[in-house]
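Below is one structure, written out as structure tokens; the observations come after it.
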Amino acid sequence: MIPDYDMFQSNHPLNETHAIARAVSGGPIYVSDAPGNHDFEILRKLVLSDGSILRPNRPCRPTVDCLFSDVTQDGESLLKIWSMNNFGAVIGVFNVQGFSWNRVKRKFWRHSSLMSTKIKSYVTPQDIPLFQTSKCTKYVFFSSGNGRNTVWRLLQNEHATQEIELSTGGALAISLAPIYQIGSLKFSAIGLTNMYNAGGAILSIEYEGINGDMVSLDTSTTGLPIIGPRIEVNIRGNGSFSCLLYTSPSPRDQRG
């Protein structure tokens with residue numbers, strides 16, 4: 001199934017909220033801008049230079065903790081929706097308190113008492129059902145959106161949490177990238193951090209073993225006994241690519 005969100009305008013007052021919702025939806029992206037009336041800063045985080053998008057592999061769905069919460073009217077819940085890329089997950093987090101569908105008036109209704117509500121919540125790898133069965137236990141948290149600078153965090157185990165706070169109408173695009181153990185090396189690829197779905201740019205990850213063979217990683221691979229002198233990441237698109245690489249023993253200078 002491919003979900004089909006409606007079109008939006010890139011210069012709308014809630015343009016980033018709408019853009020992040022489409023970026024993590026798993027479906028195509030449409031805009032209905034008038035000619036010459038665009039927010040290219042928003043559009044460049046959604047669309048690659050060839051016109052394609054970084055679409056997740058699955059339709060987005062709500063996380064369990066907000067599934068039975070009234071995220072529009074209870075004054076305390078954030079909406080969190082998740083999907084998967086080839087490596088890692090993407091989560092969209094939204095404060096939509098104060099906006100709900102009125103069945104009588106047949107239109108969206110604003111609840112003025114909730115319009116200035118700031119709400120805190122948490123993101124954890126346990127929000128992603130597929131991570132609960134993965135052998136990976138450490139993750140990189142990367143977020144962008146909500147008019148703020150990007151945030152990086154190292155989550156030391158699968159139960160670690162990262163607190164987030166959003167005002168009404170705010171939204172964040174969050175990437176959770178598994179950290180792979182390759183011998184004494186630990187490696188994680190976040191992706192193109194100039195895009196809302198950063199991890200959607202990663203097509204494959206390979207490392208070179210002792211015998212020179214290239215071995216493909218997948219989301220369940222960890223604790224590999226081979227120390228790979230070379231890691232190769234294949235991506236699509238252009239922009240700022242980021243990864244995490246560290247080693248338990250001190251690196252040795254093998255030049256010469």
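The values are calculated or read from the model by the stated rules, or taken from the named source; none is laboratory data. Keep in mind the model is a prediction, meaning the values are calculated, not measured. Here Cβ is always computed from backbone atoms with ideal geometry, including for glycine, and neighbour counts include all displayed protein chains. With ligands, DNA and RNA removed, areas are computed over all heavy atoms of the protein, side chains included. Shrake-Rupley method; radii C 1.70, N 1.55, O 1.52, S 1.80 Å.
Results for (1) over 21 Å from residue 17 (Cα atoms); (2) among the aliphatic types (A, V, I, L, M), shown as yes or no for each residue.
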residue: 86; (1), (2): yes, no
residue: 90; (1), (2): no, yes
residue: 96; (1), (2): no, yes
residue: 101; (1), (2): no, no
residue: 107; (1), (2): no, no
residue: 128; (1), (2): yes, yes
residue: 133; (1), (2): yes, no
residue: 157; (1), (2): yes, no
residue: 171; (1), (2): no, yes
Going through 57, 85, 102, 157 one at a time, which residue ends up being polar (S, T, N, Q) and crowded, with 21+ Cβ neighbours inside 10 Å?
85
Contact list please: Cβ distance under 8 Å, first residue in segment 115-129 and within 15 Å of residue 178 (Cβ to Cβ) and part of a loop (DSSP other than H, G, I, E, B), second residue among the aliphatic types (A, V, I, L, M) and modelled with pLDDT of 90 or more, pairs at least six apart or on different chains.
124/160; 128/84; 128/89; 128/91; 128/176
Looking only at segment 4-28, how many residues end up being surrounded by fewer than 19 Cβ atoms within 10 Å (Cβ to Cβ) and over 18 Å from residue 79 (Cα atoms)?
9
Could you check how many residues of segment 160-187 are more than 16 Å from residue 87 (Cβ to Cβ), open to solvent by less than 20 Å² (accessible area, probe 1.4 Å), among the small types (Gly, Ala, Ser) and in a strand (DSSP E or B)?
2
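Residue 45: among the charged types (D, E, K, R) and either closer than 25 Å to residue 204 by Cα or touching a residue at least 12 places away in the same chain (Cβ under 8 Å) (or both), yes or no?
yes
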